[in-house]
Amino acid sequence: MDETVAEYIRRTVLKIPRDEIKTMLEKWGLLSETQLQTINFRQIKESISQDVVQLCEENSVDIKQAAVLDIIYNHVYPNKRVWCVYQMKKTGEEAEFFDLTDFKKKFKGRLRSALKNVTINFREYEDNAIWIRIAWGTPYTKPNQYKPSYVVYHSQTPYVFISASVLKSNLPLLCQALVLASNYHDIREMELRSHSLNSLKDIVFKRYSQNFQTHYPRPLQERNVAPKSADLRIIQENRNEKERIERVNREVFGDGPQPKLEFAQYKLETMFKSDPQMDVLDKKEPFRCLVKFSSPHLLESLKSLAPAGMADAPISPLLTCIPQKARNYFKIREKKHFFPESFVSP
Amino acid sequence: MEEGKRNSAHGVFAHLERLEAEAREIAVKEEKMKQEEEKQARLKARVRELSLQRDMLLAKVRLQKKRLREKRAMSDPAKSSARAVLEWKIKNIKGMLQISYLTGISGKQTKQGVCFCISTAYESTYLDSYYVHLLVKPEVQIYQHSVPTFIPLEEIAKKYLQTDIGRFLSVLSDHLNAYAGRKYQADQLQEHFSDQIEGTVQRNSLCNLLVFNYKVSSKSKTFPFNVRLLYGDLCCSLPTEVNVSCTPDAPASLAEMAAAHSDLFRRVALHKAFRSFSSAEESVDGAP
C-alpha cells in the first residue's frame, strides 16, 4: 500500500470523534468483523489510527477505497463545510427517466477527458441523494486528496449543492460535467450559502413549514393550549397587542422550525436620505453600504424578534423573504417599492 | 482631636461622645427606615386605590356590554330567531368548507388571491397535501407553493395556468397523486417485503424508475430475479415498461414465471403483486 494512502487514511481517522470511529469503519466495510475486533477503540486516537492503517495494509486498500471513508465522514458531519446552491436550467422537455449509471458514466467521462489526474467517488443514499467526491490534480501532479470538492445532487431536481472548498479554477469544469451528466443545458450559482446542508435542501425543496391558508383545521392545534403558568398577580393589560403580534408572526414564519442559516448579507446601493437642510452629501450618489446579519440560527432569531418586543410586527419583508426567495445575499438598489428605512429601524 | 481627647484624663467624656455619635447614627437610620416604610405603605395604598378603580371601571364596562346584549336580544324576538337561522347556515357552510379538502382539491380566498390545497391519496390511504398560492392580479401567477421540485410545475403552469386554471389544477393533481401513489408503493415494498428483496432498491426522486433484485422460490430453491420498472406516464401510478429477467442458467419454467410476473407488475400495484407472490408460494408449498 502506498505511503500516501496510509497517511491519508491515518489523517481521515484522526478527524473522526473517537466514539464514532467504530461505526464509521463498519459503514466503510473495508475491514472485516474479525479485523475490527482486534482494534482497541478505547486507546488514544493516534494509536487507533495506526491500528487501522496496519489493517488496511493487510487488505491493500487503494486511494479510491480510502476516499469512501472521507465521504462517510462528510455525510455524517456536513456542517463543517460551507455549501453553495447552484441551479440548472433545461431547454425543453427532457427525459424524465434518470439513469444513475448513465449519469455516472457521463460525469466521469467529461472530467477525465479534460483532466487525467482526478479521483472520483460516488455514493448513493436513501433519500435519493448522490454524493460525489472529486479530488483534483493537474496534468503533472497527482490529485490532492486533502482538498476535495463535494457535490450533492438529488436526481430529477435542478439543484446541486457544491461544497465551496473547491479550487476555484476547477469550478467551471465541474459545472460543465454536472450539466452534461444530468441532461440540463445551463447552470448558475444561486445567492444561497450556509453550513447546514439540510437547511439548504429544506429551502430549495420547499420542505420547511410555510403557512398556507386553508379552511380546514390543521392538526397542530397545540399552540392554543397551555397558557404559561402565570403569576395571578400579573395581569396582561396588553393581551390584544401580544396576540396580534403572535398571529402576524405565525402567518409570516409558519409553525414549524426554520431552516438554519448563519447570515444574511445586504449590499445597499441606495441614496442616503437625510434632512435636506443638513445637506450631508452634496453629491447625489448612492451610499454604498454592506449590512450583514449573523447568528447561529438566523431565521429563528428573526422569528423571535417581534414577540420579544425588539421589532415591530410585521417584520420587514426584506428579512422574511429569505426562505421564499431562496437567497441570503441581496443587492438593494433604489426602487419605488423598496423601503430601506423600515429595514434599518429596530 | 480625638487622640488628644483620648490621652487626656477626660476618657469618660470621650466615651460619652462616642455613645452619643452612635445614638445619632442609629436615630438617623431609624428615621430613614421609617420614611421608607411610610413610602411603601403609601405606594401600596395607591396600588390598592388604582386596582379598585380599575375593577370598578371593568365592572362598568361589563355591565354596559350585558345591557347592550340584552337590549339586542329583547328588541325583536323574530330578529333573534332569524339570527339563529343565519348562524346555523354559516356554521353549516363553514363545516362544508372544512371537509371540502376531502375531495382532493380545495381552495380559500386570501388577501392576495386564492390558496389551493391538493390532497393526495392512494387506494383509500390519505397521503401528503401540497399547496399552491395563486395571485390573480395583474395576471394569474404562482406566488408561493409547496410542490416538490421534481414535479414539473413550471411546465404545467406554462401550458394551462393562463388559459384554464381548472385544468392546471387537475393536471397538477394528477401528477401529484400519481407521484404519491408510486412513492407509496415503493415505500410499502421496502417496508413489508424487505425479506424478499436482495440488496437495495434503486429509486429516483420521482419514483418513476425502480430497479431491484428479488428472490423467487420454486421447488424449494431460490432464484434471483432482476426487475426494472419504468413509469413512462407521470400521471399514472402503474409502470409502462417492465423488464423481469433471471440468470441465464435458470430452468425454463422460471422464464414463464418471469413473463407472468412482468405482466402482473404492469397491471397490479407493486406491493399487492408481492403480497400475491407470498400467498401463491404458501399455496404451492402447502400442496402435497
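The values are calculated or read from the model by the stated rules, or taken from the named source; none is laboratory data. What you see is a predicted model; the values in this text were computed from it and never measured. Here the Cβ positions follow ideal geometry from the backbone for every residue, glycine too, while neighbour counts run over all protein chains shown. Note: areas computed on protein heavy atoms with side chains; ligands, DNA, RNA excluded. Shrake-Rupley method; radii C 1.70, N 1.55, O 1.52, S 1.80 Å.
Extending 7 Å from Cα along the Cβ direction at A:ARG10 and again at B:SER194 yields two label points whose distance is 3.9 nm.
Using θ = phi - 60° in the Karplus curve 6.51 cos²θ - 1.76 cosθ + 1.60, the 3J(HN,Hα) couplings for the stretch B:43-54 round to 5, 4, 4, 5, 4, 4, 4, 5, 5, 4, 4, 4 Hz; x is entered for Gly and Pro. Legend: residues in the stretch B:57-103 shielded by at least 30 square angstrom of accessible surface upon adding the remaining protein chains to the isolated chain (1.4 Å probe, heavy atoms) are B:LEU97, B:GLN98, B:TYR101. What you get for chain B, charging only the Cβ of Lys and Arg (+1) and of Asp and Glu (-1), is a dipole of about 2320 debye around the Cα centre. Pull out a ≥ b ≥ c, the square roots of the eigenvalues of the alpha-carbon gyration tensor of the stretch B:12-72, then state rounded if a/c is under 1.5, prolate if not and a/b is larger than b/c, and oblate in the remaining case. Here the stretch B:12-72 falls in the prolate category. Shown is the FRET efficiency for A:ASP255 and A:GLU26, computed with R0 = 60 Å from the Cβ-Cβ distance and rounded to the nearest 0.05: 0.95. Estimated from helices alone, the mean residue ellipticity of chain A at 222 nm is -10500 deg cm²/dmol (sum of -39500 (n - 2.57) over DSSP H runs with n ≥ 4, per residue). Extent of chain A along its three principal axes (Cα atoms, max minus min coordinate, largest first): 76, 58, 45 Å.
Against the empirical 2.2 N^0.38 Å (N residues), the stretch A:148-197 has a Cα radius of gyration ratio of 1.11.
Each Cα pair under 8 Å and six or more residues apart adds its sequence gap; the mean of these over the residue count of chain A is a relative contact order of 14 percent. The residues of the stretch A:3-76 expose on average 52 square angstrom of accessible surface per residue, using a 1.4 Å probe on protein heavy atoms.
When the Cα positions of B:ALA255, B:GLY232, B:THR222 are compared along the charge dipole of the stretch B:193-285, B:GLY232 comes out farthest toward the positive end, with charges on each C-beta of Lys, Arg, Asp and Glu.
What residues does the stretch A:118-163 have that are buried by at least 20 Å² of accessible area in the full protein assembly compared to the chain on its own, 1.4 angstrom probe? At a threshold of 20 Å² (probe 1.4 Å), the residues of the stretch A:118-163 that become less exposed are A:GLU126, A:ASN128, A:SER155, A:GLN156, A:THR157.
Comparing A:PRO78, A:PRO296, A:PRO158 in a Gaussian network model of chain A, where Cα atoms under 10 Å apart are tied by springs, the biggest mean-square fluctuation is seen for A:PRO296. Comparing mean-square fluctuations of A:GLN265, A:GLN43, A:GLN156 from a GNM of chain A with C-alpha springs under 10 Å, the top value falls on A:GLN43.
Put a dot 7 Å past the Cα of A:VAL248, heading toward its Cβ, do the same for A:GLN277, and the two dots end up 3.2 nm apart. Using the Cβ-Cβ distance between A:LYS64 and A:SER304 with R0 set to 45 Å, the FRET efficiency from 1/(1 + (r/R0)^6) comes to roughly 0.40. Solvent-accessible surface, computed for protein heavy atoms with a probe of 1.4 Å, shrinks by 40 Å² or more for the following residues of the stretch B:129-161 when the other protein chains are added to the isolated chain: B:TYR131, B:GLN144, B:HIS145, B:THR149, B:GLU155. For chain A, the longest principal axis of the Cα atoms and the long axis of helix A:239-253 meet at an angle of about 40 degrees. For the stretch B:83-160, the square roots of the Cα gyration tensor eigenvalues, ordered a ≥ b ≥ c, give a/c of at least 1.5 with a/b no greater than b/c, which places it in the oblate category. Accessible area buried by the pairing of B and A, both sides summed with a 1.4 Å probe, works out to roughly 2800 Å².
With a simple spin-label model that places each label point 7 Å from the Cα along the Cα-to-Cβ direction, the separation between A:MET1 and A:GLU57 comes to 0.9 nm. Looking at B:MET56, B:ASN243, A:TRP28, which one has the Cα that reaches farthest to the positive end of the dipole of the protein assembly as shown (charges on Cβ: Lys, Arg +1; Asp, Glu -1)? Comparing the listed Cα positions along the dipole, B:MET56 ranks first. Put simply, the convex hull of the Cα atoms in the stretch B:193-285 casts, on average, a shadow of 6.0 nm². Counting only Cβ charges, +1 for Lys and Arg and -1 for Asp and Glu, the dipole size of the stretch A:102-198 around its Cα centre is about 560 debye.
For the stretch A:80-204, the per residue solvent-accessible surface stands at 43 Å², with DNA, RNA and ligands left out and a 1.4 Å probe.
Based on C-alpha pairs under 8 angstrom that are at least 6 apart in sequence, chain B has a relative contact order of 8 percent.
By its C-alpha gyration tensor, with a ≥ b ≥ c as the square roots of the eigenvalues, how is the stretch A:3-76 shaped: rounded for a/c under 1.5, else prolate for a/b larger than b/c, else oblate? Verdict is rounded for the stretch A:3-76. With protein chains left intact and a 1.4 Å probe, residues in the stretch B:12-72 average 104 Å² of accessible area per residue.
Taking the longest Cα principal axis of chain A as reference, the axis of helix A:63-76 is set at about 30 degrees. Computed about the Cα centre, the dipole magnitude for the stretch B:12-72 is approximately 1540 debye when only Lys and Arg (+1) and Asp and Glu (-1) carry charge, each at its Cβ.
Over the protein assembly as shown, with every protein chain in place, what whole percent of the accessible area is carbon and sulfur at 1.4 Å, could you tell me?
Of the solvent-accessible surface of the protein assembly as shown, carbon and sulfur hold 54 percent.
Place a label point 7 angstrom from the Cα of A:THR91 along the Cα-to-Cβ direction, then list the residues of the stretch A:171-186 whose backbone nitrogen is under 17 Å away. Within reach of a label on A:THR91, which here means backbone N under 17 Å from a point 7 Å along Cα→Cβ, the stretch A:171-186 contributes A:179-186. Computed extension length for A:LEU180-A:ILE44: 44.3 nm, one decimal, from 0.36 nm per residue of separation with the Cα-Cα distance subtracted.
Between the helical axis of A:45-59 and the longest alpha-carbon principal axis of chain A there is an angle of about 50 degrees. Which FRET efficiency value, to the nearest 0.05, do you get for B:ARG54 and B:LYS94 by plugging their Cβ-Cβ distance into 1/(1 + (r/R0)^6) with R0 = 35 Å? After rounding to 0.05, the efficiency reads 0.40.
Taking θ as phi - 60° and the Karplus parameters 6.51, -1.76 and 1.60, the scalar couplings of the stretch A:175-191 work out to 5, 4, 4, 5, 4, 5, 5, 9, 6, 9, 10, 8, 9, 9, 7, 8, 8 Hz in sequence order, x denoting glycine and proline. Dividing the C-alpha radius of gyration of the protein assembly as shown by 2.2 N^0.38 Å, with N its residue count, gives 1.41. Here's the picture: charge each Lys and Arg Cβ at +1 and each Asp and Glu Cβ at -1 in chain A, and of A:ASN128, A:LEU290, A:ILE16 the one pushed furthest to the positive end of that dipole is A:LEU290.
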